[in-house]
Every structure is written in C-alpha cells, then in structure tokens.
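Asks: Shown below is the structure under consideration.
The values are calculated or read from the model by the stated rules, or taken from the named source; none is laboratory data. All figures in this text were calculated on a predicted structure; none of them were measured in a lab. Virtual Cβ from ideal backbone geometry, glycine too; neighbours counted across all protein chains shown. Please note that ligands, DNA and RNA were not included when accessible areas were found on the heavy atoms of the full protein model with its side chains. Shrake-Rupley method; radii C 1.70, N 1.55, O 1.52, S 1.80 Å.
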Amino acid sequence: MLRALSRCHAPVVRLLSPRTAVLVETVRGRKSRTDPKAKSKLGRIKTPSPVDPVEMVVLKERYTEYNLILRALRREFKEQMLRKKYEEEVGSVAEERAKREAEEHRSLMALNDAENLRICKIREQRMQKEAEAAELKKRETAIVRQQELENYIKEKERQILLLQEEAKDFITPDNLDQRIEEALDNPKNYNFAIDKEGRVVKRTAFQQ
Amino acid sequence: MVHLSSFLLTKYHGGHIVIRLALGGATNRPFYRIVAAYNKRARDSKYIEQLGSYDPLPNIHNEKLVAFNYERIKYWIACGAHTTKPVATLLGLAGFFPLHPMTITEAERRQKAALTEEVKRESQEQVEQKEAL
C-alpha cells in the first residue's frame, strides 16, 4: 500500500506566480496513487511561498549576468586547455622537447663512442700482447723441438757408434771357425760362491 | 572473478560530469569533499577525482575551511562539467566564480530583516518610554 520513499521528486519551478491559490503538481512521497488522503490534510490548499516581485526582477537580472559570466568563463577555460594541448603536441613545447631529446641522444651517442674507443684500445693492446706471447711460445717450441731432434740424432749416432764398436767382435761366417776354436780353447767358469756376509769366492773346483 | 568492465564502470547513456559535494564524516559531524563525478553515480560512491574539501563546522578560530584545486577545476570545467549550487556559491565566495545571485539576495534579506527588527525594537522602546512617562 504505502510505497517505499523514493528519492527523486518531480521538480517544480514557478517564478512570478500569482498569490492566489494555485495547486502545485502532486509530488509522490510515501503514499501511492490509490492511498486515501489523511484526515488532517483534507481541507488543505497548498499555496506557493510568497515571492517579492521587485526582488524577483532584480534576481532575474543578476542571474542573467551571472550566467553570462559563467558561460564566458567556461569558454575561456576550454580555449586555454585546447591551447595547452596544442602547444604540448604540436607547438613550442613539443619542439623544445624534441630538441632536448636530440641533445640527449647526441650526448649519449658520444659517450657510447668514447666508451667503444677506449675498450677498442684496451682490446688492441691485449691482442698485441697475446700475439707476442704466442709468437714467443712458438719460437720456444720450435727451439725445443730442434733441440730434441738434435738430441735424438746424437743419441742415435752414439748408438750406431757403439754398435759399430761391438760389430768388430761379432761372429761372422768368416770368423766362425776361428771363434769356435777360441771358445773351445778357453773354457770360462761362471760359478762362484757367496756366503751370508757377502764374501764372494770366484775360484771353485775345476770342472770339465 | 575477473572484472571486465572499465575502471569507473562507465556505461552511462547521456550522463555528464558534475562537480559536487560528497558527504563524509561521522554522526553530527559532517565533512564534504569537493569531487568530480559522473551525474548518475551515488553521492558518496566512486568519483573521478577529488578537487578539494569543505568543513561546514567552524574551527577554534571561528573559520570554516575550504580547499580548492583550481588547476583541475579549470580542466574539468573546460571538459564540460556542471557545478551544483553549493559548489558554485563556495567558488563565488572564494573569488574563482562571480558571486552567486542567491548569496547576494540572502545577504540583502538578512540585512533587511535585521533593519526591521531594529526598527521594531526602537519603536517598542519608544512606546515603553512613553508609557513610563
């Protein structure tokens, strides 16, 4: 029956209305359309609040002026904002920004180039050092190899000489008979005796 | 749950931005924030930006403190925001807007009422003096 209180009212604006009884438009509050009127309010005639016509005229004047000024202000602010936006995007601000960024870019590139140069120099020195070291090492290894080769040759020569020396005592088909004769003529005795104290006795009993 | 709607849930049709007072504070102690919000939003709910504050109760030195962020207010008015009557009156008193007509009218009314009160009191005093004599 009684609806919940709704927040929005139907607005009623009446300026310069006459003093006589004029019903204001009904405003729906707590009650719905079908609810009966309260007993205390049966004979009530609602009149709008009294309006002073002189004051009203003055007030209207003031309002027109006020609205004019406000509209001008709004336009002003809008123009300022558009101008600022334009400057920001296209005009002087953007140019300055572009210049600053170009400067920054150039300085950074210069820094980068300097750094690269420095590192390049360091790298070159290092490469040089390494090349020299490698050269040195190569030479040293060559020397060592040479040395080893020489040693090897010397060793082999020594062995050959030794062999040559020994070859003089070899038994050849020519010497064969002679050497057999010699061997048979000189029997060698390899026996020997040794005791725990280490005394060696070479001469033993003769055996045939 | 993933919210797929935009930051301020703006799916309004034909709404506009207003600069108005949002009520906060405690019982018997109101405090207003001057706020730019969409027209359709509830009074105290999510706003776009806070542009100032207004304390309706006078402080120790009998001052009512108001704060405004003029730069941002200019921006929002340039974007087409409306202002409510109390905000307009406050801005008028601050000097940013022209003085609101109702401020002037109410001041005049108060002055007239004070004048009539004074005249009535003087006439009453005169009548009493006459009666005394």
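Asks: Return the tail of the calculated pair distribution for the stretch A:76-138, meaning the percent of Cα-Cα pairs more than 14 Å apart.
Replies: 75 percent
Asks: With a 1.4 Å probe on protein heavy atoms only, work out how much accessible surface B and A bury together, total over both chains, in Å² to the nearest 100.
Replies: 1600 Å²
Asks: Calculate the dipole size of the protein assembly as shown relative to its Cα centre from +1 charges on Lys and Arg beta carbons and -1 charges on Asp and Glu beta carbons; express the result in debye to the nearest 20.
Replies: Numbers: 63 positive and 50 negative charges, 904 e Å.
In debye, rounded to 20, the protein assembly as shown gives about 4340.
Asks: Pick from B:ASN69, B:ASN39, B:ASN28: which is most flexible by mean-square fluctuation in a GNM of chain B where alpha carbon atoms under 10 Å apart are linked?
Replies: Result: B:ASN28 has the largest fluctuation of those listed.
Asks: Shifting gears a bit: Which FRET efficiency value, to the nearest 0.05, is calculated for A:TYR152 and A:ILE122 with the Förster distance at 51 angstrom and r the Cβ-Cβ distance?
Replies: 0.70
Asks: Taking K and R as +1 and D and E as -1, what net charge do the other residues with C-beta under 14 Å from the C-beta of B:ALA107 add up to?
Replies: Neighbour charge sum, excluding B:ALA107 itself: +1.
Asks: Express the C-alpha Rg of the protein assembly as shown as a ratio against the empirical globular expectation 2.2 N^0.38 Å, rounded to two decimals.
Replies: 2.94
Asks: State the Cα centre-to-centre distance between the stretch A:116-136 and the stretch A:44-90 in whole Å.
Replies: 80 Å
Asks: In addition: State the extension gain, in nm to one decimal, for the chain segment bounded by B:LYS112 and B:CYS79, taking 0.36 nm per residue of separation less the distance between their alpha-carbons.
Replies: 7.8 nm
Asks: Positive end of the dipole of the protein assembly as shown, charges at C-beta (+1 Lys, Arg; -1 Asp, Glu), about the Cα centre: which of A:THR141, B:ALA81, B:THR105 has its Cα farthest in that direction?
Replies: B:THR105
Asks: Restricting to DSSP H runs of at least four residues, report the calculated mean residue ellipticity at 222 nm for chain A, -39500 (n - 2.57) per run over all residues, nearest 500 deg cm²/dmol.
Replies: Computed mean residue ellipticity for chain A: -22000 deg cm²/dmol.
Asks: Of the candidates A:ARG83, A:ARG75, A:ARG158, which one comes out as most mobile in a Gaussian network treatment of chain A with C-alpha springs shorter than 10 Å?
Replies: Largest GNM mean-square fluctuation: A:ARG158.
Asks: Something else about it: Rounded to the nearest 500, what is chain B's calculated 222 nm mean residue ellipticity when only DSSP H runs of at least 4 contribute -39500 (n - 2.57) each, over all residues?
Replies: -13000 deg cm²/dmol
Asks: Here's something else I'd like to know. Of all trypsin sites (Lys or Arg not before Pro) in the stretch B:47-108, which ones are in loop regions per DSSP and have a Cβ with at most 15 other Cβ atoms within 10 Å?
Replies: Answer in residue order: B:LYS64.
Asks: Next up: Bin width 10 Å, origin at 0, all Cα-Cα pairs of chain B: what percent of pairs per bin?
Replies: All Cα pairs considered, the percentages come to 10, 29, 26, 15, 10, 6, 3, 1, 0.
Asks: State the extension gain, in nm to one decimal, for the chain segment bounded by A:PHE170 and A:ARG33, taking 0.36 nm per residue of separation less the distance between their alpha-carbons.
Replies: Fully extending the segment from A:PHE170 to A:ARG33 adds 34.2 nm.
Asks: Of A:GLU182, A:GLU157, A:GLU87, which has the largest mean-square fluctuation in a 10 Å C-alpha GNM of chain A?
Replies: Among A:GLU182, A:GLU157, A:GLU87, the largest mean-square fluctuation in the Gaussian network model of chain A belongs to A:GLU182.
Asks: Taking 25 Å as R0, compute the FRET efficiency from the Cβ-Cβ separation of A:TYR86 and B:TYR70 and round it to 0.05. List each step's numbers first, then the result.
Replies: Values: r = 21 Å, r/R0 = 0.86.
It comes out at approximately 0.70.
Asks: Here's a follow-up. Determine the share of the protein assembly as shown's accessible area contributed by carbon and sulfur atoms, expressed in whole percent, with a 1.4 angstrom probe.
Replies: 56 percent
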